[in-house]
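Working notes, beginning with the structure itself.
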Amino acid sequence: MNEPFHGTTILSVRKAGRVVIAGDGQVSVGPTVLKAKARKVRRLAGGRVIGGFAGATADAFTLFERLEAKLEKHGGQLTRACVELAKDWRTDRFLRRLEAMMAVADDSVSLLVSGSGDVLEPDDGLVGIGSGGNFALAAARALIDRSDMDAEAIARRAMGIAADICVYTNRELTLESLGG
């Protein structure tokens, strides 16, 4: 799998029929913060799919466009569209150079998609990518069994914990959700 990308944290939390993808807003180049309120999470396929990216912004937009086309071609089947995207990503000369990772979800599945051909569905419904992804993922795993917290509350708290630890992550969140 690719090395984690510096400069972002994306977390996907699935709980009780609802899925949330949260992304921080910080854009950094080296030690310099260039932007605090970037949108790294968006809706796809007419709002039926949500996704977040870590990596180069232009590369991520290219991948989102390709995923949209695959979703349309495959009747909105997210897993199949992601597998086809991952195949293209590995074999196409242009796409192979793209440096990004994606966390995507629909009502039934959450996936991590990478340029090394990975299309992974986590056992626990949690996906964390980017430089703060592992911090947010660990926090979400610790919080997931709390009955007083829904998917959004877990995502917000876990992203806050990641922001406390990762210098490339801030508290300016964008959240998108489906279900529930």
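Each reported figure results from applying straightforward, stated rules to the coordinates on display, with no laboratory input. Not measured: the values here are computed from a predicted model. Note: ideal-geometry Cβ built from the backbone for every residue, glycine included; neighbour counts use all protein chains shown.
Taking other residues whose beta carbon is less than 14 angstrom from the beta carbon of G180, and scoring Lys, Arg as +1 and Asp, Glu as -1, yields -2. Structure remark: mean-square fluctuation, Gaussian network model of the chain, C-alpha springs under 10 Å; the largest value among T169, T91, T57 belongs to T91. For the range 80-180, chymotrypsin sites (Phe, Trp or Tyr not before Pro) are listed when DSSP marks them as loop and at most 14 other Cβ atoms sit within 10 Å of their Cβ; the list is F94.
A compact globular protein would have a Cα radius of gyration near 2.2 N^0.38 Å; the ratio found for the chain is 0.95. Contact order, relative form, for the chain: 35 percent (alpha carbon pairs under 8 Å, 6 or more residues apart, mean separation divided by residue count).
3J(HN,Hα) couplings calculated from phi for the range 99-112 with the Karplus curve 6.51 cos²θ - 1.76 cosθ + 1.60 (θ = phi - 60°) are, in sequence order, 10, 6, 9, 10, 10, 10, 8, 10, 4, 10, 9, 10, 9, 9 Hz; Gly and Pro show x.
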